[in-house]
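Below is one structure, written out as structure tokens; comments come after it.
The values are calculated or read from the model by the stated rules, or taken from the named source; none is laboratory data. Everything numeric here is computed off the predicted structure, so don't read it as measured data. Positions of Cβ are backbone-derived with ideal geometry, glycine not excepted, and every protein chain shown enters the neighbour counts.
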Amino acid sequence: MAPRERPLSDEVFTLIVDTVVERFGEDWTGNELAKRQFSAGVTYAMHAVDGVHLIGEPEDKDNQIGTEFNVWIDFPVVDLIDADELAFEIFARFSQELFVCARAFEERSIRYRFLTGGSQHGHVGSLVFTGPYAQEFVHLHRARVGGDVHYNA
């Protein structure tokens, strides 16, 4: 079996981040004070969205990956439109002048990588939907798309 390649969305997203950082410089996403303020703002904004909870503190990864926000979903996600609407309800609370997003399905979660910013600074990160409802949605989505049907006797 051939090794699984990265999703196209990851490749395109990385290319976009590289291009923007090259244009604005490493400091555009590297300002530590701006990162802390951004993380605090996203954490605060998350409280206004019904049915989601931030799990733990935001994790600061390297500049390419950025800050990871792990989000527990309290209700069933029926289809892709529901998942995207929830993600963009959260994004609408903190996105800035520039906003780019790429969705990827992981083993047990849905990852929305994002890039947002303005003229002074920018932020790279991931909003990761986790929990049993997110995990079930990922399984059902893969079954719909790939025909992956399992039967238990």
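Laid out as a table, the results:
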quantity: Options GLU22, GLU26, GLU85, GLU32; residue that is surrounded by fewer than 16 Cβ atoms within 10 Å (Cβ to Cβ) and at pLDDT 95 or above; calculated: GLU85
quantity: Close pairs (6 angstrom Cβ cut-off, 6 or more residues apart or separate chains): surrounded by fewer than 16 Cβ atoms within 10 Å (Cβ to Cβ) in the stretch 97-119, part of a strand (DSSP E or B) anywhere; calculated: LEU98/GLY117; PHE99/THR116
quantity: Among the candidates VAL71, VAL124, VAL138, residue that is in contact (Cβ under 8 Å) with a residue 40 or more places away in the chain and in contact with a Phe, Trp or Tyr (Cβ under 7 Å, 6 or more places away or on another chain); calculated: VAL71
quantity: Residue tally, condition farther than 20 Å from PHE38 by Cβ and of a type outside the set (A, V, I, L, M, F, W, C), over the stretch 71-116; calculated: 11
quantity: Failed condition for HIS121, given (1) farther than 21 Å from ASP27 by Cβ; (2) over 11 Å from the mean Cα position of the chain (by Cα); calculated: (1)
quantity: Residues located in the stretch 58-82, provided they are of a type in the set (Asp, Glu) and surrounded by fewer than 12 Cβ atoms within 10 Å (Cβ to Cβ); calculated: ASP62, ASP74
quantity: Residue identified as part of a helix (DSSP H, G or I), surrounded by fewer than 14 Cβ atoms within 10 Å (Cβ to Cβ), out of contact with any helix residue (DSSP H, G or I) (no Cβ under 8 Å at 6 or more places or on another chain) and at pLDDT below 90 among GLU5, GLU11; calculated: GLU11
quantity: Single condition VAL49 does not satisfy, out of (1) without any contact (Cβ under 8 Å) to a residue 40 or more places away in the chain; (2) over 19 Å from GLN135 (Cβ atoms); calculated: (1)
